[in-house]
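This report concerns only the one structure given below.
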């Protein structure tokens with residue numbers, strides 16, 4: 001459950017933001033999660049929602065944007081989508097580091113992110129009025 | 001007249017009352033920064049740290065104990081043992097008379113760079129050349145948390161069945177060495193070591209794979225040589 005550590009870090013950042021902006025209510029946070037991470041959307045959302053109950057950011061929505069992986073190869077100058085391996089048991093293709101161009105080892109250039117992209121907020125009085 | 005159940009007054013925040021700010025803040029950054037600091041301290045001290053990851057029972061502790069036994073008369077070696085609760089593994093390795101740091105994560109599922117950094121402050125780095133870090137027995141969570149080691153080793157064993165690599169692909173992508181352990185039991189387990197090697201290479205063609213048996217000693221010299229050369 002490393003999602004819990006990640007959700008805790010996220011909440012800490014948002015509380016920090018809320019404390020510095022006492023006149024604003026956070027309504028949504030958008031997070032980018034890359035394909036090469038091993039972070040599960042549903043678990044991250046569950047951890048987030050569990051942590052924020054009773055907090056000033058309670059009720060805020062976590063939106064997860066999945067970022068597809070991209071690899072680059074120094075052997076053949078390929079750059080683009082990774083080769084997918086369908087050998088995994090649950091049938092979900094797994095992004096690999098085998099270069100789709102030449103079969104040598106490629107490196108990840110995109111898809112390792114786990115980052116807050118943006119925070120959406122509104123003035124408290126509006127938030128209270130539409131609650 | 002308003003429809004049944006619909007509110008009489010609708011008040012919506014207009015677009016100019018909703019604000020978006022771009023933050024671009026990495027959630028893994030805090031750990032990554034500490035890992036970089038650990039690495040700088042290790043490099044400055046002339047120490048190579050190796051992080052061992054793998055399932056409970058894959059043989060991480062036994063492998064590390066064997067490696068310590070082979071290396072301790074030649075170079076200064078220390079071991080960090082991550083465990084959720086017990087100190088069983090640290091106690092076992094302590095018999096080798098090398099510095100051992102027990103890191104209890106108290107049910108945490110992975111070691112992180114902060115815990116390893118604290119461990120580095122507890123021992124005398126002066127005479128050390130190598131630190132083996134045994135991560136928590138878990139093939140998922142540690143992948144996201146670099147510790148500052150120079151190489152990450154995944155230990156799988158044939159007793160875990162034929163699908164270990166396919167079931168936990170991410171762990172291998174970020175590692176440099178894979179040890180396939182307990183090969184003396186491959187026949188009894190009816191697990192193909194060659195298939196496990198092929199699975200690893202399907203994920204990452206340039207990863208070093210070393211089949212071992214801590215019982216017969218097969219492959220252990222190659223592991224030691226590989227880790228000394230990283």
Taking 0.36 nm per residue of sequence separation and subtracting the Cα-Cα distance, how much length would be gained by fully extending the chain between residue B:70 and residue B:29, in nm to one decimal?
11.1 nm
Can you sort A:76, B:109 from fewest to most other Cβ atoms within 10 Å of each residue's own Cβ?
A:76, B:109
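Across every pair of different alpha-carbon atoms, what Kirkwood hydrodynamic radius in Å does chain B reach? Display every interim value, and only then the final one.
Values: mean 1/r = 0.0517 Å⁻¹.
For chain B, inverting the mean 1/r across all distinct Cα pairs yields 19.3 Å.
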Tilt of helix B:29-44 relative to the longest C-alpha principal axis of chain B, in degrees (0 to 90, nearest 10)?
30
What angle do you read, to the nearest 10 degrees and between 0 and 90, between the alpha-carbon axis of helix A:41-52 and the longest principal axis of chain A?
20
Which percentage, to the nearest 5, of the DSSP beta bridges contained in the protein assembly as shown is antiparallel?
40
With label points built 7 Å along Cα→Cβ from the Cα atoms of residue A:110 and residue B:195, find their separation and express it in nm.
3.7
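Applying a 10 Å radius around every beta-carbon, put A:106-116, A:120-130 in order of their mean neighbour count, most first. Numbers along the way, then the final one.
Values: A:106-116: 18.8, A:120-130: 15.7.
Result, highest mean first: A:106-116, A:120-130.
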Taking every residue of B:174-181, the Cβ atoms of other protein chains inside 10 Å of its Cβ average out to 1
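Among A:70, A:61, what is the fewest-to-most ranking by other Cβ atoms within 10 Å?
Numbers: A:70 18, A:61 13.
Least crowded to most crowded, the residues run A:61, A:70.
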Roughly what would the spin-label model give for residue A:86 and residue B:87, points 7 Å off Cα along C-beta, in nm?
5.3
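Shielding by partners for A:5-15, please: the mean number of other protein chain Cβ atoms within 10 Å of each residue's Cβ.
On the way: counts 11, 5, 1, 1, 7, 2, 0, 2, 4, 1, 0.
Rounded to a whole number, the mean comes out at 3.
Take every residue in peptide A:117-124, count the Cβ atoms of other chains within 10 Å of its Cβ, and give the average of those counts.
Working: counts 5, 6, 6, 4, 5, 5, 4, 0.
Across A:117-124, the average partner-chain Cβ count within 10 Å equals 4.
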For chain A, what mean projected area does the convex hull of the alpha carbons give, in nm²?
9.8
At what distance in nm do the modelled label points of residue B:229 and residue A:40 sit from each other, each positioned 7 Å from its Cα along Cα→Cβ?
3.9
For B:42, B:220, A:68, what's the fewest-to-most ordering of other Cβ within 10 Å of each Cβ?
A:68, B:220, B:42
On Cα atoms only, tilt of B:220-229 relative to the major axis of chain B in degrees:
60
Considering only DSSP beta bridges with both partners in chain A, what is the antiparallel share in %, to the nearest 5?
70
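Counting alpha carbon pairs within less than 8 Å and at least 6 residues apart, what relative contact order, in whole percent, applies to chain B? The partial results should precede the final answer.
Working: 401 pairs, mean separation 50.9, N = 230.
Value for chain B: 22 percent.
Coordinate-derived values only; no laboratory data. The structure displayed is predicted, hence computed values, not measured ones. No Cβ is skipped: glycine too gets one built from the backbone with ideal geometry, and neighbour counts run over all protein chains shown.
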